[in-house]
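One structure is given below, encoded as structure tokens.
We did not get these values from a lab; they are worked out from the coordinates using the rules stated. Note that this is a predicted model, so its numbers are computed, not measured. In this analysis, Cβ positions are derived from the backbone assuming ideal geometry, glycine residues included, and neighbour counts consider all displayed protein chains.
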Amino acid sequence: MIYKIDTTKDTPIYIQIRNMFVNLIAYGELKRGDPIPSVRSLASDLNLNIMTVQKAYTLLKDEGFIEVDRSVGSRIYSDASLKCEAYEENLEDLFKEAIARGYSKDEVEVILDGIYDNSTC
């Protein structure tokens, strides 16, 4: 599995890692009991500081998404439907990015209105 982090975003990297795993769970790519990379392995793969990845894993553990067993490694613990939460987090990240890029609330509302107007759902 390929893991990606965008170091240019304003969202802290450990939050991006957390959100990445929540999304993978929400979309069924990771299921209860599936192993995830060790902290060292993921830090190496993403060229990140080990403490950053550890902070993300601690957050995931505290929120009940993963379980950590030193004898077998970290595994997915949550199998709940997380789609709504994942969508909300993705939207929140997009809105924060738009604000960081200088979009006003009115401009975001115009874009959102356009999406709703053109939606076939």
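At a glance:
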quantity	calculated
Candidates Lys55, Lys105, Lys31: whichever shows maximal mean-square fluctuation once the chain is modelled as a Gaussian network with Cα springs under 10 Å	Lys105
For the chain: relative contact order, % (alpha-carbon pairs under 8 angstrom, 6 or more apart)	28 percent
Most positive-pole-ward Cα, Pro37, Ser104, Asn90, against dipole of the chain from beta carbon charges	Pro37
Proxy reagent accessibility, fewest Cβ within 10 Å first, across Ser38, Ser78, Ser71	Ser71, Ser38, Ser78
Charge context of Ser74, other residues only, Cβ under 12 angstrom, K/R +1, D/E -1	+1
Most mobile listed residue (Tyr57, Tyr103, Tyr14) in the chain, GNM with C-alpha springs under 10 Å	Tyr103
Ellipticity estimate at 222 nm from DSSP helix runs (n ≥ 4, -39,500 (n - 2.57)) divided over the chain, nearest 500	-17500 deg cm²/dmol
Gaussian network model of the chain, Cα within-10 Å springs - most flexible of Leu91, Leu30, Leu42	Leu91
Kirkwood Rh, angstrom, region 13-118 [1 / mean 1/r, Cα pairs]	15.4 Å
